[in-house]
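See structure below.
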Amino acid sequence: MDHTEDLTATLDRLAAAAAALEQMTERLAGTDESTISRIVAQVEDRRSAELEQKLAAAEQRIAELEAAASRTDYSARKTVPTAAVNLLAKHGVALDSVEAGTLDAALSGLSLEQRFAVKAQLLRVGLLP
């Protein structure tokens, strides 16, 4: 019977060891999940912080560009190129009193692109409404 008691005691110890291993496995699995969750949270926080920094930089750049655009006067040029003045003068058009009909008649000998260029220059300097 002594042998049976030893065998029973050994089986009890093995069962206890198996139970302890199961508990440790469950704890390790839980630890792995929490570790993974922490790592994912840290990566998401860093990425979020990077995106916020990039957004702030982009917003600042947009504000700078808008401020620069508001300071820029696109109609700063107040002179008409000499070629345009000479062309209009040949056709009797005075720059201080440009009328649409007179201007169109004066530019009729030019190609469509050249007419657009002359009118664009006149618009830029404020001589055409």
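At a glance:
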read-out: Area projected by the alpha carbon convex hull of region 1-72, averaged over all directions, nm²; value: 4.4
read-out: Inter-site label distance for Lys90 and Ala17 at 7 Å from Cα along Cβ, in nm; value: 11.0
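Quick note: the coordinates plus some simple rules give every number you see, no bench work behind them. Just so it is clear, the model here is predicted, and its values are computed rather than measured. In this analysis, Cβ positions are derived from the backbone assuming ideal geometry, glycine residues included, and neighbour counts consider all displayed protein chains.
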